[in-house]
Amino acid sequence: MNMRRRWMIQIGGREYVVESEGDRIWIDGQVWNGSITEVGKGIYRVSDGEGTSHFVVDRSGRRLEMVTGPISQTVEVQTPIDFLRRSLQTTEKGRSRTVRISAPMPGMVLKVMVQEGAKVEKGTPLVILEAMKMENVLKSDVGGTVSSVHVVAGEAVEKGQLLIVVE
């Protein structure tokens with residue numbers, strides 16, 4: 001039984017969701033009709049109807065170099081957990097920091113663990129989100145006060161949807 005795997009990649013500032021199961025690949029939910037061939041250790045040739053690129057994978061597997069003809073660009077690769085961490089976008093606001101917790105992927109809110117006005121510490125669980133048949137606990141990246149809660153348990157959320165704000 002094959003298991004569907006999921007990554008988020010960024011090429012030239014644009015993000016894509018890439019999923020694979022067996023020899024099938026989806027990019028942003030659309031079936032991709034191409035081929036991937038390993039041509040050397042850590043070097044892959046990717047071909048589709050539009051052309052061919054080569055990818056060189058670094059040792060961590062988190063960074064790729066994509067070469068298409070004379071053009072080379074870096075590709076960032078993120079696992080769902082990396083994406084969760086990145087979704088905690090922090091900005092400076094006067095002396096306090098505002099952290100906006102957004103849904104890293106589509107899913108269902110299983111539990112909201114805080115309410116508006118609650119004091120939280122760094123690492124405090126805020127929301128449990130079920131996505132891809134896994135429970136993901138989203139935690140506060142900073143200590144502060146929950147200034148707004150934008151979801152309720154049982155609510156379906158889309159990727160990037162604002163869940164909670166901590167100041």
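What the table shows:
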| read-out | value |
| --- | --- |
| Under-5 Å amide H pairs with Q161, H placed in peptide plane, nonlocal only | A103 |
| Fully extended contour minus Cα-Cα distance, from I27 to E116, at 0.36 nm per residue | 28.3 nm |
| Those lysines that a straight Cα-Cα span of less than 28 Å connects to K159, excepting residues fewer than 8 apart in one chain | K93, K111, K119, K122, K133, K139 |
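Read the figures in this text as sums done on the coordinates, not as results from a lab. What you see is a predicted model, and the numbers here were worked out from it, not measured in a lab.
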